[in-house]
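Q: Just passing along the structure, written as structure tokens.
Laboratory data are not the source of any read-out in this text; all were calculated from the coordinates shown. Source: prediction; values computed, not measured. Because the Cβ atoms are built from the backbone with ideal geometry, glycine has one as well, and the counts that use them run over all protein chains shown.
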Amino acid sequence: MRKATLLVLGMILGGSGSLLITQPQLTGGAANAASSETYRQLNLFGDVFERVRADYVEMPEDSKLIESAINGMLAGLDPHSSYLPPKSFRDMQVQTKGEFGGLGIEVTMEDGVVKVVAPIDETPAAQAGVLPNDLITHLDGEPIQGLTLSEAVEKMRGRVDTPIELTIVREGAAEPIKKTLIRDTIRIRSVRWNVEDDLGYVRVTQFNEQTFENLRKAADELQAEVGAERLKGFVLDLRNNPGGLLDQAIAVSDAFLDKGEIVSTRGREARDTQRYNARSGDLFGDKPVIVLVNGGSASASEIVAGALQDHRRATVLGTRSFGKGSVQTIIPLGTNGALRLTTARYYTPSGKSIQAMGITPDIIVEQPLPEDMAGQNVEPRGESSLRGHLQASEGEEQAGSLAYVPQDKTEDVQLNYAFDLLRGVQTHASFPASQAASAN
């Protein structure tokens, strides 16, 4: 049975962007009423503000002073509450929407110029013959030298159907190559998939507005390519996925579940509690599933891993996840940007908060570091290491784990362990409930 994308509150989890929501109504009552002491403190702020404006060694900008004061106030709450200036708010909307006007190039910065990592299939860049390792030196005849990567990317993005000329230096080409590309709508691929013999591999890199639809496409294509009878199971790779939209995390979890609670969110007041349940239908045909997590799996990733783990729908394999168990709501501030405010904690179906705790895998498999990284300072980081983080609601806080994933799949111990495990079982019910394994 097919499932439509769930439309729920516009909350976000993790470092990804947001879905716009209306500003929550203010409630009355003694708890929210400003006291005379509050007004006295606001007068103190006004006095300091005026003193800085009058006596600082250089004339400060009023807008920067106010923005810094707001940032300081929010930073004192927790690491995930922040003020988003208008440009940052627009960038966040682009990221969570998962589509924008642009060229379709994955890029990085190298020696002051933009280096093409890869063109995205069926985009202006791919159609124009832009190749991996091309160096983009000029945009519309203006040199890139001196721009940051984000500034260069912003110049390449723009309104659909508008042209831009790229000057490209390519190894083996005697002269720079000039190509005029017409911007088109680019959709960020948050889900990638491929077949590994009789297994389906699905990698989710973030939870944006396109994620569930891409996941549904992955389920259809993988099962069609391998065949329902021959397909032994799926690996859902959530490693280094920083999170994203709550509704997408719920929809992805629902794609694997036939019933039961997926997640609950609990705010300051009991009336703020929300529970989200799965609906009938498993897009992956009740086949065995292994979920990969590591120290870079945060927030929305942890919702999915926790839901599938608690319902025994999947075995979670890897190392402890990041441990971000809070929900942020985006509150637009008109032309002044938006407020990103922590408004709730989330809980897995068993009622467990993973805040500063993380998801503990059913099977612990460490990913060895390559020799050239072994001596570097790569201490694991998690939510519990962030200054000012929300405290764990119960139990002793746990550190995170390493977030290294090899580019070469032959060296990926965690992934290959998952493939081997899937090929050795028939149903997910036979997975071990809990065991520790060492990948020696």
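Q: Between the DSSP loop rule and a limit of at most 15 other Cβ atoms within 10 Å, which trypsin sites (Lys or Arg not before Pro) in region 216-285 are left?
A: Those satisfying the criteria are ARG230, LYS259, ARG268, ARG279.
Q: 7 Å from Cα along Cα→Cβ at both SER68 and GLN145: what's the point-to-point distance in nm?
A: It is 3.4 nm.
Q: Lys and Arg at +1, Asp and Glu at -1: add these up for the other residues within a Cβ distance under 13 Å of LEU317 and post the number.
A: -3
Q: With θ taken as phi - 60° and the coefficients 6.51, -1.76 and 1.60, list the Karplus ³J(HN,Hα) couplings across region 230-241 in order, rounded to whole Hz; mark glycine and proline as x.
A: Once θ is set to phi - 60°, the couplings for region 230-241 become 7, 5, 8, x, 10, 10, 9, 9, 10, 5, 6, 8 Hz.
Q: Ok, one more. Which whole-number percent of Cα pairs in region 191-436 have a distance greater than 31 Å?
A: Percent of Cα pairs beyond 31 Å in region 191-436: 22.
Q: Taking the Cα-to-Cβ direction at MET59 and at GLU154 and moving 7 Å from each Cα, how far apart do the two end points lie in nm?
A: Each label point lies 7 Å from its Cα, and together they span 2.5 nm.
Q: Taking a quarter of the surface of the Cα convex hull of region 274-328, what do you get in nm²?
A: Its Cα hull, projected and averaged over all orientations, spans 4.5 nm².
Q: Let me check the size of the chain from its C-alpha atoms; what are the radius of gyration and Dmax in Å?
A: Radius of gyration, then largest Cα-Cα span, for the chain: 24.0, 77 Å.
Q: How many nm is it between the label spots at LEU44 and ASN133, if each spot is 7 Å from the Cα in line with the beta carbon?
A: Computed distance between label sites LEU44 and ASN133 equals 6.2 nm.
Q: Hey, another quick one. Quick check on the chain: of the DSSP beta bridges with both residues there, what percent are antiparallel, nearest 5%?
A: The antiparallel proportion sits near 75 percent.
Q: Okay, moving on. Would you mind checking which residues have amide H under 5 Å from ILE105's amide H? H placed 1.01 Å from N; only 5 or more apart, or other chain.
A: ILE120
Q: If you place +1 on the Cβ of every Lys and Arg, -1 on the Cβ of every Asp and Glu, and leave all else neutral, what size is the dipole of the chain about its Cα centre, to the nearest 20 Debye?
A: 1280
Q: Something else about it: Could you pull the Cα extents of region 264-380 along its three principal axes, largest to smallest, in whole Å?
A: 51, 40, 25
Q: Tell me the net charge near THR265. Cut-off is 14 Å between Cβ atoms, THR265 excluded, with +1 for each Lys or Arg and -1 for each Asp or Glu.
A: +2
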